[in-house]
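Step one of this worksheet: look at the structure below.
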Amino acid sequence: MRVIGLMSGTSYDAIDAAAADLALDGDRLTLTPLGLISRGYDDGLRADLAAALPPAATTLAEVCRLDTRIGRAFAAAAVEADRELCDGRAELVASHGQTVYHWVADGQVHGTLQIGQPAWIAEATGLPVVADFRPRDIAAGGQGAPLVSLVDRMWLRGRPGAPAALNLGGIANITAADGTAFDTGPANALVDAAVHEATGGRLAYDLDGELARSGTVDEGLLARLLTEPYYALGAPKTTGKELFHLPYLRTALRGYESLPAEDVVATLTRLTARTVADAVRTVGASEVVASGGGTRNPALMAALRAELGSGIPVRTSDELGLPAAAKEAYAFAVLGFLTLHGLPGTVPASTGARHASVLGSITPGRRGTPWPTVAAAGEGPVRLVVNGHGDGGR
């Protein structure tokens, strides 16, 4: 089945559309990557989205408008991906949507909201769309994240030692070999906020890690930042920009107003590296396979390698056949495929749910929904093989 996976993460800078051929054979799922396109939100939409996100106040009218505008943007990306990557032969779209709120209280997730109305995607492409993945896991008592943990476990199965998958988006999350998975804290979220603030909005992120590399880590500020209670919580746990946002950063910087912007960014980059490295050691990982936008930041990757030392190598997912920029979009293509086959897309050990669940809701295309003619047997695949990169990614 030819599937397009759509993803926009907590950095809300672009929509990634990755296309793949997926073939299920017993407990083995083979993924053949067909490519990626990435399209940024237009400046007006990105600004309006940023203005509506917590801790800002918003209205239901604005949420409705954003739901439609983001849905149309996702639809345009899906149409382009079908045309450019699939020769017009895609059969399914899996859309993560745009997370705008993750309701966490006292360590429990009570709800989540991803917008980007899938009806716009179905109408534009004519294809069925699987969307709204996270709420079912939350209803089963889970955190609703990290949902890619099932894909990570299947993909890394068979590698020696205890590999861990790491995603460095706005928020960092990790999946260990034993199924433990959680958000470690900010990846790019606080760095992006600091860069945007320091440059008066001229820059949205630390391009090539230049600011961090030109600055010096302030150990006092780093020690203050590390007192954040979230880091001490046990797994499973999730977080987001509901916690790690610009006002949070401004509060943390009180008394450090004279610190050069380069030093602030260097310190925040080290914060990400330190908290990720602490999480990697907690789960006993023997290697880290990283993906996400943070892998394009040489300063962050160097800091992470320095924190982990030579005993725990850090490689990118590109080395195992999944481009780091596209890995999460491919993961949601897999989750959409599983949903269409009536197969669970969660690992209870990862999210803390009472049981595994079939995820999402399906919006039919113009010709309805092409239910598989052969029912999937058992509880689904246990191994994901990326075509051209051998069994278990080796």
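The values are calculated or read from the model by the stated rules, or taken from the named source; none is laboratory data. All figures in this text were calculated on a predicted structure; none of them were measured in a lab. All Cβ positions, glycine included, derive from the backbone under ideal geometry; neighbour counts span all protein chains shown. SASA here: full protein model, heavy atoms, side chains in, ligands and nucleic acids out. Shrake-Rupley method; radii C 1.70, N 1.55, O 1.52, S 1.80 Å.
Stretched out straight at 0.36 nm per residue, the stretch from residue 46 to residue 23 would grow longer than its current Cα-Cα span by 4.7 nm.
Highest average first, the peptides 244-252, 146-154, 171-179 ordered by how many other beta carbon atoms sit within 10 Å of their residues are 146-154, 171-179, 244-252.
Ranked by the mean number of other Cβ atoms within 10 Å of their residues, highest first, the peptides 39-52, 256-269 come out as 256-269, 39-52. Charge tally around residue 267: other residues with Cβ under 11 Å, Lys/Arg +1 each, Asp/Glu -1 each, net -1.
Seen against the Cα atoms of the chain and their longest principal axis, helix 327-340 is set at about 40 degrees. Counting protein heavy atoms only, segment 1-88 has 50 percent of its accessible area on carbon and sulfur, 1.4 angstrom probe.
Going by a ≥ b ≥ c, the root eigenvalues of the Cα gyration tensor, does segment 68-209 fall in the rounded group (a/c under 1.5), the prolate group (a/b larger than b/c) or the oblate group? Because its axes are fairly even, with a/c under 1.5, segment 68-209 counts as rounded. For 112, 216, the ranking by accessible surface with the largest value first comes to 216, 112, using a 1.4 Å probe.
For the options 239, 275, 199, a Gaussian network treatment of the chain with springs between C-alpha atoms closer than 10 Å singles out 199 as fluctuating the most. Where a ≥ b ≥ c are the square roots of the eigenvalues of the C-alpha gyration tensor, would you call segment 1-159 rounded, which needs a/c under 1.5, or, failing that, prolate if a/b is larger than b/c, or oblate? Verdict is oblate for segment 1-159. For the chain, a crude dipole built from +1 on the beta carbon of Lys and Arg and -1 on the beta carbon of Asp and Glu, taken about the Cα centre, is about 580 debye to the nearest 20. Charged neighbours of residue 351, selected by a Cβ distance under 13 Å, balance to +2 (K, R count +1; D, E count -1). In the list (i) 18.0; (ii) 20.6; (iii) 19.6, the label attached to mean projected area of the Cα convex hull in nm² as derived from the coordinates here is (i).
For segment 8-13, 3J(HN,Hα) computed residue by residue from phi via the Karplus equation (6.51, -1.76, 1.60; θ = phi - 60°) reads 9, x, 6, 7, 6, 9 Hz, glycine and proline entered as x. Distance between the C-alpha centres of segment 168-229 and segment 70-126: 26 Å, rounded to the whole angstrom. Among residues other than residue 22 with Cβ under 12 Å from its Cβ, the summed charge is -1 (Lys and Arg +1, Asp and Glu -1). Please label the shape of segment 162-216 as rounded, prolate or oblate, based on the square roots a ≥ b ≥ c of the eigenvalues of the alpha-carbon gyration tensor (a/c under 1.5 means rounded; beyond that, a/b larger than b/c means prolate, else oblate). Since a/c reaches 1.5 and a/b is larger than b/c, the shape of segment 162-216 is classed as prolate. Taking 0.36 nm per residue of separation and subtracting the current Cα-Cα distance, fully stretching the chain between residue 110 and residue 65 would add 13.8 nm.
Once both labels are positioned 7 Å from their Cα atoms along Cα-to-Cβ, the gap between residue 358 and residue 278 label points is 4.1 nm.
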